[in-house]
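Below is one structure, written out as structure tokens, with a few remarks after it.
The values are calculated or read from the model by the stated rules, or taken from the named source; none is laboratory data. All of these numbers come straight from a predicted model, not from anything done at the bench. In this analysis, Cβ positions are derived from the backbone assuming ideal geometry, glycine residues included, and neighbour counts consider all displayed protein chains. Protein only, heavy atoms only, side chains kept; ligands, DNA and RNA dropped before computing areas. Shrake-Rupley method; radii C 1.70, N 1.55, O 1.52, S 1.80 Å.
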Amino acid sequence: MKNLKLTGAKADGKRTIVEVGGIRVGEDFVVIAGPCAVESEDQMVRTAVAVKEAGATMLRGGAFKPRTSPYAFQGLGLKGLKILDKARRETGLPIVTEVIDTRDVSWVGEYADILQIGARNMQNFSLLREAGKSGRPILLKRGMYSTLEEWLNCAEYILAEGNPNVILCERGIRSFETYTRNTLDLSIVPSVKAQSHLPIFVDPSHGTGVLGLIEPMSLAAVAAGADGLELEVHVDPSSALSDKDQQLSPEAFGRLMRKLAVMRRTMAELSSESYG
Ligand code: PEP
Ligand code: MN
């Protein structure tokens with residue numbers, strides 16, 4: 001791939017580690033969990049405590065929601081960020097939250113430990129430049145119609161502004177298939193590892209949009225070599241104001257975390273042994 005001056009794989013195979021509050025992303029396996037959107041203090045703090053209890057490493061929650069319809073719930077904005085701050089103080093979990101507007105990058109960055117740039121904004125080049133200047137680690141999701149090369153070039157915009165702390169996140173691409181919300185492209189995980197030194201996460205919640213597929217696709221993401229997962233979890237999924245059909249209950253999330261631990265042990269064993 002051409003012109004990946006800063007994001008392309010290094011000759012010595014060295015990979016980027018993004019440090020966030022004592023967590024070494026790219027080295028430690030990371031699970032970012034929490035609701036699609038921050039809806040209230042009670043919903044956010046209860047979800048945060050539940051995911052922490054189950055072993056999540058970071059907390060997610062959208063205060064600014066990029067919605068298909070302008071009439072749908074758009075998020076609580078500043079109030080949502082203050083609630084996230086409260087949830088962080090209650091649990092000690094770093095916060096990942098999305099920014100959708102260039103004008104908001106610097107002040108949202110004061111609340112967020114990691115700024116997320118969503119699929120719909122992956123190629124918003126002004127937003128990428130601001131994200132690069134923010135000095136915050138950036139979780140850059142893959143656009144739903146984007147090739148690997150286009151995606152890595154978007155990361156390149158952030159690194160070119162002097163910010164090396166970029167985490168990529170596969171969240172499904174559009175295909176002819178309508179049974180799932182998106183088509184989760186797990187082949188991108190080893191492809192990113194071959195072409196770039198940046199950490200690669202997988203979001204099976206938006207990637208499938210189907211509750212029953214989130215656990216198998218999370219396990220498969222670990223098998224494919226993902227450095228972490230981003231998962232939607234809600235204390236009461238049926239009452240969620242957005243993405244209610246794909247948010248795990250705390251119980252389902254707890255079961256998934258136990259299975260992930262087994263899969264990670266298996267993967268560690270496979271990488272340390274040579275067979276045949
Ligand atoms: C999200 O993670 O809240 C989100 C909106 O995801 P995506 O940008 O991948 O659709
Ligand atoms: Mn969502």
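Numbers below:
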{"quantity": "Percent carbon-and-sulfur accessible area, the stretch 23-275, ignoring ligands, DNA and RNA, probe 1.4 Å", "calculated": "51"}
{"quantity": "Sparse-neighbourhood loop sites, trypsin sites (Lys or Arg not before Pro) in the stretch 1-103 - DSSP loop, at most 10 other Cβ within 10 angstrom", "calculated": "Lys2, Lys5, Lys10, Lys14"}
{"quantity": "Mean separation of Cα contacts under 8 Å, 6 or more apart, over the residue count of the stretch 92-224: relative contact order %", "calculated": "18"}
{"quantity": "For the stretch 1-27 versus the stretch 139-198, the gap between their alpha-carbon centres in whole angstrom", "calculated": "14"}
{"quantity": "For Met257, solvent-accessible area (1.4 Å; no DNA, RNA or ligand), Å²", "calculated": "30"}
{"quantity": "Cross-link reach list, lysines versus Lys82, counting only Cα pairs under 29 Å and skipping chain neighbours closer than eight places", "calculated": "Lys52, Lys65, Lys133, Lys141, Lys244"}
{"quantity": "Proximal aspartates and glutamates relative to Lys10, as straight alpha-carbon distance under 20 Å, when same-chain residues fewer than 8 apart are discounted", "calculated": "Glu19, Glu27, Glu149, Glu150, Glu156, Glu161, Asp227"}
{"quantity": "Where chymotrypsin sites (Phe, Trp or Tyr not before Pro) fall in DSSP loop in the stretch 31-139, at most 11 other Cβ within 10 Å", "calculated": "Tyr71"}
{"quantity": "Within the chain, percent of DSSP bridges classed antiparallel, to nearest 5", "calculated": "15"}
{"quantity": "Theoretical ellipticity at 222 nm over the chain - DSSP helices of four or more residues, -39500 (n - 2.57) apiece, nearest 500", "calculated": "-12000 deg cm²/dmol"}
{"quantity": "The stretch 23-275 - accessible surface per residue (Å², probe 1.4 Å)", "calculated": "41"}
{"quantity": "Partners for Lys14 among lysines (Cα-Cα distance below 21 Å; same-chain residues under 8 apart left out)", "calculated": "Lys2, Lys5, Lys193"}
